[in-house]
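The values are calculated or read from the model by the stated rules, or taken from the named source; none is laboratory data. Every value quoted in this text rests on a predicted model; they were computed, and no experiment measured them. Every residue, glycine among them, receives a Cβ derived from its backbone with ideal geometry; neighbour counts consider all protein chains shown. With ligands, DNA and RNA removed, areas are computed over all heavy atoms of the protein, side chains included. Shrake-Rupley method; radii C 1.70, N 1.55, O 1.52, S 1.80 Å.
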Amino acid sequence: MKKSIILFSVITACLLTSCIQKKPVKYSIDYDSARDAYGSSLTIEPMNDSVRVGKDTIVIAPEAEDVTYTLSGYFNGTISCTTKNTVIKLKNAFLENSHGEPALSCDVKCEVSAAKDSTNYIVSWGKGYSRNAALEGKRNLVIGGGGTLYVSGKICHGIEAEETKIKGSGTFYIEGTLKGSALNCTTLTVEEEKTFTCYLLNSKNGIKADDNISIASGNFYFYDNGTALKTDDSEDSPHQVHYINLSGGLFHTFNNTSLYSTEDDSWVVSGAKIIEEK
């Protein structure tokens with residue numbers, strides 16, 4: 001009899017643990033506590049004449065393309081990248097702008113990569129232009145790497161860019177505000193066989209693209225947004241077609257007002273799996 005009671009208790013505990021593990025949680029990230037672990041200075045490698053450092057600005061402008069700069073430590077201000085195809089590799093970096101401007105701004109095509117086994121933050125807050133993002137890509141922007149990256153735009157958007165791609169095997173947390181998007185872009189493309197995990201959090205829109213969203217792989221979690229996936233045709237020609245095409249990937253949704261918003265017959269889910277958490 002005692003063995004039966006013990007066995008029942010073990011099974012019950014396992015079932016309760018399983019239920020607890022599956023229950024979605026509201027994600028709230030304590031950036032203030034995280035900041036303390038990153039010191040008070042920033043290290044950039046290579047540190048050469050292509051890096052111009054001011055009081056609250058850093059400009060990275062190599063003469064050649066395809067140069068990788070590794071950033072570690074803490075900086076409060078705006079870091080700007082002005083050379084095409086530069087890779088900004090974050091290796092335990094906390095980039096912050098408390099003056100209402102982007103913490104990292106890429107004027108040209110750029111890749112922001114989280115180094116494997118590293119944890120990184122890009123945070124923007126304070127009084128500034130009301131549409132700013134923490135990470136700004138004025139042209140094409142690639143998010144990648146094998147580490148962890150938190151992006152929080154406490155003014156409006158988390159990330160704002162034109163043509164945007166996500167790749168790699170890392171874990172990315174992106175949040176905007178109730179008046180902005182976690183990821184605001186012209187187009188979002190995720191190609192096949194990408195294994196990253198991306199959380200879109202606490203925003204008016206999880207992903208908002210002016211033109212289209214095309215996702216073929218990856219793991220997505222949408223938590224506490226108004227609309228999870230949205231395209232915007234409010235200012236376009238009536239002849240321009242917008243679409244959301246999910247040909248692969250895994251999508252978990254929790255506490256979003258709506259799953260998607262796009263043109264009629266332009267929501268295509270062919271190979272993706274969508275799980276609505278309760």
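The mean of 1/r over all pairs of different alpha-carbon atoms in the range 45-115, once inverted, gives a Kirkwood hydrodynamic radius of 12.1 Å. For the chain, modelled as a GNM whose springs connect Cα atoms under 10 angstrom apart, the maximal fluctuation among 41, 214, 105 occurs at 41.
Structural descriptor for the range 89-161: relative contact order 36 percent, calculated from alpha carbon pairs under 8 angstrom and at least 6 residues apart.
Straight Cα distances below 18 angstrom link residue 55 to the aspartates and glutamates 96, 101, with same-chain residues fewer than 8 positions distant left out.
Give me the net charge of residue 107's neighbourhood, meaning all other residues with Cβ under 10 Å from the Cβ of residue 107; Lys, Arg count +1, Asp, Glu -1. Before the final figure, lay out the partial values.
Numbers: positive: 84, 109, 138, 139; negative: 136.
Charge balance in the 10 Å sphere: +3.
Beyond 21 Å, what share of the Cα-Cα pairs of the range 161-244 is found? Please give it as a whole percent.
On the way: 856 of 3486 pairs.
Of the Cα pairs, 25 percent sit more than 21 Å apart.
Below 11 angstrom from the Cβ of residue 98, what's the summed charge of the other residues (Lys, Arg +1; Asp, Glu -1)? Result for the neighbourhood of residue 98: 0.
Rounded to two decimals, the Cα-based Rg/Rh of the range 209-269, with Kirkwood Rh, is 0.98.
Solvent-accessible surface of the chain, averaged per residue with a 1.4 angstrom probe and all protein chains in place: 50 square angstrom.
Computed log10 I(q)/I(0) for the chain at 0.09 Å⁻¹: -0.44, from the Debye equation with unit scatterers placed on every C-alpha and solvent omitted.
Per the helix-only calculation at 222 nm, which mean residue ellipticity applies to the chain, given -39500 (n - 2.57) for every DSSP H run of n ≥ 4 and division by its residues, nearest 500 deg cm²/dmol? The partial results should precede the final answer.
Working: 2 runs with 26 residues, N = 278.
Result for the chain, helices only: -3000 deg cm²/dmol.
Considering only 102, 46, 62, the mean-square fluctuation computed in a Gaussian network model of the chain, springs between alpha carbons under 10 angstrom, is largest for 46.
Roughly what % of Cα-Cα distances in the range 127-278 sit above 24 Å, to the whole percent? All intermediate terms of the calculation are to be shown ahead of the outcome.
Values: 2647 of 11476 pairs.
Beyond 24 Å sits 23 percent of the P(r) for the range 127-278.
Under a 1.4 angstrom probe, counting protein chains only, how are 267, 125 ranked by accessible area, largest first? Spell out each step's value before the answer.
Numbers: 267 60, 125 105 Å².
Per-residue accessible area, sorted high to low, gives 125, 267.
Volume of the convex hull of the range 100-147 (Cα atoms only), normalised per residue: 61 Å³. Enclosing the Cα atoms of the range 141-196 in their convex hull gives a volume equal to 67 cubic angstrom per residue.
Give me the net charge for the shell around residue 84: Cβ to Cβ below 10 angstrom, other residues only, Lys and Arg +1, Asp and Glu -1.
Details: positive: 109, 139; negative: 65, 66, 107.
With Lys, Arg at +1 and Asp, Glu at -1, the net is -1.
May I ask you to give the average projected area over all directions of the convex hull of the Cα atoms of the range 41-191, in nm² rounded to one decimal? Don't skip to the answer; put the middle values down first.
Numbers: hull surface 31.6 nm².
Its average projected convex-hull area is 7.9 nm².
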